[in-house]
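Each value in this text was obtained by applying a stated rule to the coordinates, not by laboratory testing. Keep in mind that what you see is a predicted model, and the values were worked out from it rather than measured. Cβ placement follows ideal geometry from the backbone for every residue including glycine, while neighbour counts extend to all protein chains displayed.
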Amino acid sequence: MASDADLPLLRRPTAILTSFDIYESKTLLCIVGSNESEGYYRVLRITRGTDDVRKMVDDDMVSHSRDGIHQLVSRLLASGMRLLVAKVCGILGFVRFTKGCYISLVAKRKPVALLGGHYIYHVEDTRLISVAYRPERSEVEEKCITTFKNVDLTKNFYYSHTYDITHTLQKNVLLNREPE
């Protein structure tokens, strides 16, 4: 087991993506993330039609300005893509059941605490979208989706963009100390 000295320091990221728009075509999903001031943007491309997650997701590691992202979105729309979901608050993750991947999204949130300058949010609403364009769902797949949606994340689910709430306050303080 790793000692505390081996753990990486948790620092506040310089750019925190807090809002996401998702565009779709038959072969591609594009997730456009922006920071609070909407001056910093990143794009994640997800190829539809492959089951290999390593080949499915592409982050070009490019940060875009407001003008640059407007030009990119205009090109996406001109190429036939359409806006699937607007102003999502967060991405909880990807999940796979029996066939195909899905993205679990935070559709609505409410700030409930400010801890050491870090906002803690309560999930008010979630959404599950398919990575596949028009997924063929078996009876088992539908049952899995229904069971997954029955886990009500709006009751007791909290998250933060900048603070690891899975650690104790004491551990986070120790992890964020400046090196001497």
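For the chain, which span is the longest to avoid every loop-located (per DSSP) member of trypsin sites (Lys or Arg not before Pro) having at most 11 other Cβ atoms inside 10 Å?
Here the longest segment lacking exposed loop sites spans 27-176.
What dipole magnitude, in Debye to the nearest 20, does the chain give about its Cα centre under +1 on Lys/Arg Cβ and -1 on Asp/Glu Cβ?
Result for the chain is approximately 480 debye, rounded to the nearest 20.
Using only the alpha-carbon atoms, how far is helix 139-150 inclined from the longest principal axis of the chain? Give it as 0 to 90 degrees, nearest 10.
40 degrees
Between Asp125 and Lys149, what is 0.36 nm times their sequence separation minus the Cα-Cα distance? Round to one decimal in nm.
7.5 nm
Once you've got the GNM for the chain with C-alpha springs shorter than 10 Å, pick whichever of Val95, Val85, Val53 has the biggest mean-square fluctuation.
Ranking Val95, Val85, Val53 by mean-square fluctuation puts Val53 first.
With 26 Å as the cut-off, how large is the P(r) tail for the chain, expressed as percent of Cα-Cα pairs?
Cα-Cα pairs in the chain separated by more than 26 Å: 42 percent.
Can you tell me which of Gly33, Gly100, Gly117 moves the most in a GNM of the chain? Springs connect C-alpha atoms under 10 Å apart.
Checking each option, the largest mean-square fluctuation is seen for Gly117.
Treat region 109-180 as a sphere of radius equal to its Kirkwood radius over Cα pairs and apply Stokes-Einstein at 4 °C in a medium of 1.567 mPa s; give the translational diffusion coefficient in µm²/s, rounded to a whole number.
Roughly 85 µm²/s, to the nearest whole number.
Go ahead and estimate [θ] at 222 nm for the chain from helices alone: -39,500 (n - 2.57) per DSSP H run with n ≥ 4, summed, over the residue count, rounded to 500. Mind showing how you got there, number by number?
Numbers: 5 runs with 40 residues, N = 180.
Here the helix-only value at 222 nm equals -6000 deg cm²/dmol.
To the nearest 10 degrees, how steep is helix 66-78 against the longest Cα principal axis of the chain, on a 0 to 90 scale?
Rounded to the nearest ten degrees, it is 20.
Once you list every other residue whose beta carbon is under 14 Å from the beta carbon of Asp58, what net charge do they have if Lys and Arg are +1 and Asp and Glu are -1?
+2
Taking the chain as a Gaussian network, Cα atoms linked when under 10 Å apart, which of Glu36, Glu139, Glu24 shows the biggest mean-square fluctuation?
Glu139
What FRET efficiency comes out for Arg66 versus Ile91 if R0 is 25 angstrom and r is the Cβ-Cβ distance? Round to the nearest 0.05.
With a Förster radius of 25 Å, E is 0.70.
Can you give me the distance in nm between label points at Leu115 and Asp59, each placed 7 Å from the Cα along the Cα-to-Cβ direction?
Each label point lies 7 Å from its Cα, and together they span 2.3 nm.
Classify region 109-151 as rounded, prolate or oblate from the Cα gyration tensor: take a ≥ b ≥ c as the square roots of its eigenvalues, call it rounded if a/c is under 1.5, otherwise prolate when a/b beats b/c and oblate if not.
Prolate is the answer for region 109-151, as a/c is 1.5 or above and a/b outweighs b/c.
Counting alpha carbon pairs within less than 8 Å and at least 6 residues apart, what relative contact order, in whole percent, applies to region 61-180?
Relative contact order here is 19 percent.
What residues from region 35-58 fall in the zone where the backbone N is under 19 Å from a label point 7 Å along the Cα-to-C-beta line of Asn176?
Answer for this model: 36.
With +1 assigned to the C-beta of every Lys and Arg and -1 to the C-beta of every Asp and Glu, and no other charges, what is the dipole magnitude of region 98-162 about the Cα centre in debye, to the nearest 20?
With Lys and Arg at +1 and Asp and Glu at -1, about 140 debye.
Quick check: residue separation of Ser19 and Glu141 times 0.36 nm, minus the Cα distance between them. What number comes out in nm? Working shown, then result.
Values: separation 122, 0.36 × 122 = 43.92 nm, distance 2.94 nm.
Net length gain for the segment: 41.0 nm.
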